[in-house]
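Q: Below is a structure I'd like to ask you about.
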Amino acid sequence: MSTSFDQALSPEQQAALSRASGDRHGASLLLIEVRGELELARLQRAANQVLAHQPILATRLVRLPAYRGVRQVLEHRVDWPLVIEPDAPQGLADFEQQMRDLQRQGFAEDAPALATLHVCRLGEHHYGLALRISTLLSDRNGLQVFYRALHQAYAEDQVTEVDEEAAQYAQYVEWRGEMAQDEDAANGRDYWRQQGTDIAPSLAYRRSIATGAGARQTLEAAIDPALQAALGGYAESIGQPLRRVLQAAWWALLARISGQPRMQVGWQHDCRLDYEFFADCVGVFEKTLPLLIDVPLHRSLGQWLPALDEQAQGHLTWQEHWPVEAPPSVAHLACGVAHEAALEAQGGWSVVALEDSGAPFELELRVIGGDAHVQALHLRFDAARYDAAAVEGLLDQYQTLLHSVVTTPDAPLADLCLVGAREQALHQHCIGAPLSLEGPNLALRIAAWAQRTPEALAVSFSGVRLTHRQLDERVERLARHLRLQGVQPGDVVALVLPRSLELVVALLAVWRAGAAWVPVDPQWPAARQALIIEQAAAVHVLGDGDHDDARVIRVDAVPAIDSAITFEWTPAALDQPAYVLFTSGSTGTPKGVVVEHRQLLNYVQASATALGLAECTAFAMTSTVAADLGHTTLLGALFQGAPLHIATDEHMQDAARFADFLRTHGIDCLKMVPSHLAALLDQDSTYLPGTLVLGGEAVAPSLVELIFQVAPACRLFNHYGPTEATVGVLYQPLSRLSDLSAGVPLGHVFDGCAVYLFDERLNEVPLGALGELFIGGQQVARGYLHDAGHEAFIEHPRHAGERLYRTGDLGRYLPQGGVQLMGRRDHQVKVRGFRIELTEIEQALLALPGVAQAVVMPWRAAASQDGELQLVAYLQAQGNPAAGWLDGVREQLAARLPAAMLPTHCFVLEQLPRLANGKLDRQGLPAPESLLTAQVYVAPSSALQTLLAEGMAQLLGVERLSVEQNFFALGGHSLLVIKLVSALRKQLQLDVHPGVVFDHPSVAELAVALTRDEATPGSLERTAQVRLKLNSLSPEQREALLAKSRASATA
């Protein structure tokens, strides 16, 4: 047939063109090393011979006025000039780098040549050959065809006539065009429409946001001869092609790791294998076919393979009708598989590199071998999405799975081993070093400072300072009084005290008396206080002057005790209870966690070492003792003999007072809940402690960035642990360079602790797979009071005698060691049949610009059809978001998550509601109905009301606020009040106590309350008028006004 004409691109070429960057498309590279003499004239004849038989090598692209898009012109050429490169004295590596640089440049659309053959002399009898060719002219297997043809032509060195009947790629292009119009075309299109679509496997270590330029990387693994033989024998025994066996094993691995048996994957297939006529053609024949599979993990690989092979054969029958150039979904391009023949060295020629730039998959397993054997595995990946360490772990898991298939061929896919020796060693990173607890308990170690440094400052609160001697004297006096009131070792004493000096004295005195304490927040409702005291069977209640109940022993009014009375204190044994802390119970009744002195001593010692607390000289206590989050600094300071400074409620409700507290006391160690810190921190902040520990909830990357803006030298830690494992067991140092795109990792385990991730059958999960977090070691609490919730404490399934606590938290092992938390068991939902982990959506939201906090909740709207479950996202923006910001968030999220995972509604709140311990209060989130249903709107009637309404509406994330609406009913809470009073101070030059807002929660009420006590009637209204006028100015107008004011001041 003629080779001088133009024609359209094939669908496969169009698919390659769609991956082009601008007006340049990609290039593939075939690099050949030649050992021996290479005659250039003979090589030129061989190249011309190959060109004659493969005219596609002379193709160029054109755009014709009468044709939409690009066409290809096949020009008749008999000469294909070699590109002679200068000698490369550095050898093959130098030549290879030069050719790779050229490959990265790709080809311009109007390039006169889209295939060039380079030759370079590397040394004596040593040469390099390189074919650089457009991805529109050849796929990877086409490069193999070229290699064999060039070597054969060079070896034979004779001109052979071109067979006019021989296959050429132009014929394939024509045939593909005819197939699109033939009688089976409609059936073919129907076949693919009926296949449906699904979501791609969700791998934990895939970055939701691409980083860097996204260069393709490849990890390689050779298959040892014994495994090669075993795999071949297995495939033969079940009557399946080896290629299908390896493909099925890959899908099974992805199903196990992602937790998604049903998924959309891709299969790159070369139809040269199906059409012998085209077997020796250079061209673009490979196409990526979608596979919608449901991996039956309860069955063996051999039981599943016949169904998978039948599905594959159906795809091959209709492969030419798959719209490869414009697929209806791209989910199958996330994870794929391909097969490639191994290239053997021939007569001193060997292939050094075979690289294409048009790889369709983000993650691809490429099996190198023949029909009956596998020689090597190549795992190719997009480095912008995957970390090399994670992919290396995946490659190890695949080889381990293959070994398991041939050794236990009848085992269900769910039981095949994935964890090899390398991964087992990685799991050891989650087991802390042994920690000896010999010696006195924590209470005695704290008391020893009264002898070692008696006059050193021990604790301060609201202007009152106690030395270690003074603190010990108060502790001794209260302990004696408790003993006289009948408190005995093993008893429980309730502490109904706020954060204060008295609280520290009380808990140490209870310990000295040999008893345990149970903290009760004085701000709790009286009924809850009574319930906790009753559940704990407290023999006495310690309180302060705010309690009139005669049953309460006042810590601030301990009577003098006759010095003649002697007391003998028996130190509490390490297995005696230190305290009882109540947590929320799933049944609605709080559960009391019993923590012994042994567990507490382990935490205090281990955290001091891990967090470097010995370097700190001034600790801050900022949280309620009713939760154990504050134990890190409270007990850390007392253990180290360092000063402990206790913050008042006023310090923790106002950004300026908080900063003043830190600076005044020179605080260099602080632990807080991230969202509370974020509420007290802004761009104007200038001080943070040298050591900062965050715990209690997920940390937003934006907060980490802000922390290092304020304090570049800060030692920042993320800290995790449930009450049942004594404060904390995992931690992670953070820096400016920490990759937090997938959330904050937890890479280190405290000494004396152990962390495991188990599946539902209590088998340890492989790297990347989702599992439930279990905690072991010396910090696992005794259990719950009255044996409530005993099922949460179990024996280790493989280590007899080791107790574990079942946290209910979900996580994945990290390739670098440690774990990544992924939410909770009870935060998984199903939407339209898809199992969805809400934390995954939250992490995706947190990774978006401007999102400071995010929580996603399931919601069944009464008005929705059949009560369909919807997802609702509540967001806290960083700073003041620009107009249209929320729309941008939705668009960016839609670009990162499947449709089933996109929230139906997104609401912006200034701060998310918090519990007393600072953790997120999911139950306190405003109901979507209240945010979606428009209430009767009453407009502001004054400038002051307008200013208040605009400020409250902005904090609540609503467009407008009626002056009669209740701020708290719409989602307002204590942290928002902090923001509100701070804004009022700036806008009105007015100090407002947070309690005023709580007492007057609507705009109308608050306006009346603020004007009631103004010294000059009408002054606030006039100030509000000026402020509104200033707020209405653009930044440029404000700057001009300021410049005018400065000029007037200096005139």
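Q: So, in the range 146-171, how many residues would count as being within 17 Å of ALA115 (Cα to Cα) and part of a loop (DSSP other than H, G, I, E, B)?
A: Residues that pass the stated criteria total 1.
Q: Do you know which residues across the range 732-748 are free of Cβ contacts under 8 Å to residues at least 40 places away in the same chain and of a type in the set (A, V, I, L, M)?
A: Across the range 732-748, the qualifying residues are LEU734, LEU737.
Q: Can you confirm whether GLN181 is within 35 Å of the chain's Cα centre (by Cα), outside any strand (DSSP E or B) and modelled with pLDDT under 90?
A: No: the conditions fail for GLN181.
Q: Here's a follow-up. Is it the case that the range 382-393 has a residue that's within 22 Å of SER138 (Cα to Cα) and modelled with pLDDT under 95?
A: Yes - at least one qualifying residue is present in the range 382-393.
Q: Can you pull out every residue in the range 435-452 that is out of contact with any helix residue (DSSP H, G or I) (no Cβ under 6 Å at 6 or more places or on another chain) and of a type in the set (S, T, N, Q)?
A: The answer is SER436, GLN451.
Q: Select from the range 158-212 the residues that are under 30 Å from LEU61 (Cα atoms) and among the aromatic types (Phe, Trp, Tyr) and write down the one among them that is surrounded by the most Cβ atoms within 10 Å (Cβ to Cβ).
A: TYR169
Q: Same structure, new question: Tell me which residues, restricted to the range 758-767, are out of contact with any Leu (no Cβ under 6 Å at 6 or more places or on another chain) and either crowded, with 23+ Cβ neighbours inside 10 Å or among the small types (Gly, Ala, Ser) (or both).
A: The answer is LEU767, and nothing else.
Q: All but one of (1) modelled with pLDDT of 95 or more; (2) under 46 Å from the mean Cα position of the chain (by Cα) hold for GLY490; which doesn't?
A: It fails just one condition, (1).
Q: Same structure, new question: Determine whether VAL510 is crowded, with 22+ Cβ neighbours inside 10 Å and either in contact (Cβ under 8 Å) with a residue 60 or more places away in the chain or over 20 Å from ARG474 (Cβ atoms) (or both).
A: no
Q: Of all residues in the range 417-436, which are more than 27 Å from the chain's Cα centre (by Cα) and either farther than 30 Å from TYR603 by Cβ or surrounded by 13 or more Cβ atoms within 10 Å (Cβ to Cβ) (or both)?
A: Correct list: LEU435 only.
Q: Taking the range 295-316 as the search range and keeping residues that are within 30 Å of the chain's Cα centre (by Cα) and surrounded by 14 or more Cβ atoms within 10 Å (Cβ to Cβ), which one is nearest to ILE199 (Cα to Cα)? Walk me through how you get there before you give the answer.
A: First pass over the range 295-316, keeping only residues within 30 Å of the chain's Cα centre (by Cα): 295-298.
If we keep only those that are surrounded by 14 or more Cβ atoms within 10 Å (Cβ to Cβ) as well, we get 295-297.
On the way: VAL295: 14, PRO296: 17, LEU297: 18 Å.
The qualifying residue nearest to ILE199 (Cα to Cα) is VAL295.
Q: With the requirement that a residue be modelled with pLDDT of 85 or more and farther than 22 Å from GLN989 by Cα, what does the range 939-961 give you?
A: ALA939
Q: If you scan the range 86-103, which residues turn out to be in contact (Cβ under 8 Å) with a residue 24 or more places away in the chain and closer than 17 Å to ILE133 by Cα?
A: Scanning the range 86-103 gives PHE95, GLU96, MET99, ARG100, LEU102, GLN103.
Q: Additional query: Of all the residues that make up the range 361-384, how many are of a type outside the set (A, V, I, L, M), in a loop (DSSP other than H, G, I, E, B) and surrounded by fewer than 20 Cβ atoms within 10 Å (Cβ to Cβ)? Step through it out loud before you land on a result.
A: Looking only at the range 361-384, we keep the residues that are of a type outside the set (A, V, I, L, M), and these are 361-362, 364, 366, 369-371, 373, 375, 378, 380-382.
This time we only want the ones that are in a loop (DSSP other than H, G, I, E, B), so: 361-362, 370-371, 373.
Subset that is surrounded by fewer than 20 Cβ atoms within 10 Å (Cβ to Cβ): 370-371, 373.
Matching residues across the range 361-384 total 3.
Q: Of all the residues that make up the range 345-381, how many are charged (D, E, K, R) and over 19 Å from ASP139 (Cα atoms)?
A: 1
Q: Same structure, new question: Go through (1) in contact (Cβ under 8 Å) with a residue 60 or more places away in the chain; (2) small (Gly, Ala, Ser); (3) touching a helix residue (DSSP H, G or I) at 6+ places or on another chain (Cβ under 9 Å); (4) in a helix (DSSP H, G or I) one by one and return the number of the condition SER623 breaks.
A: (4)
Q: List pairs: first residue in the range 286-309 and assigned by TED's automatic domain parsing to the domain that holds GLY239, second residue in a strand (DSSP E or B) and aromatic (Phe, Trp, Tyr) anywhere in the structure, Cβ distance under 6 angstrom, at least six positions apart or on different chains.
A: Taking only residues 6 or more apart or on different chains, the pairs are LEU289/TRP267; LEU291/TRP267.
Q: To continue, here is another question. Pairs, please: C-beta under 9 Å, at least 6 apart or cross-chain, first residue in contact (Cβ under 8 Å) with a residue 60 or more places away in the chain and in the range 312-324, second aromatic (Phe, Trp, Tyr) and not in a helix (DSSP H, G or I)?
A: Here the result reads ALA312/TRP267, each pair linking the range 312-324 to a residue that is aromatic (Phe, Trp, Tyr) and not in a helix (DSSP H, G or I).
Q: Here is a follow-up. Given the structure, is GLN523 surrounded by fewer than 20 Cβ atoms within 10 Å (Cβ to Cβ), more than 26 Å from GLY641 (Cβ to Cβ) and over 41 Å from the mean Cα position of the chain (by Cα)?
A: no
Q: Can you tell me how many residues within the range 342-368 are at pLDDT 90 or above and under 23 Å from ALA312 (Cβ atoms)?
A: Selection size over the range 342-368: 8.
Q: Quick check on this structure: which one of ALA248, ALA210 is farther than 26 Å from ALA742 by Cβ and within 29 Å of the chain's Cα centre (by Cα)?
A: ALA248
Q: Which count do you get for residues in the range 879-915 that are crowded, with 16+ Cβ neighbours inside 10 Å and assigned to a strand (DSSP E or B)?
A: 4
Q: Which numbered condition in (1) on the phi > 0 side of the Ramachandran plot; (2) crowded, with 19+ Cβ neighbours inside 10 Å is the only one that ALA255 fails?
A: (1)
The values are calculated or read from the model by the stated rules, or taken from the named source; none is laboratory data. Given the structure is predicted, the values throughout are model-derived calculations rather than measurements. Cβ atoms come from the backbone with ideal geometry, glycine included; neighbour counts cover every protein chain shown.
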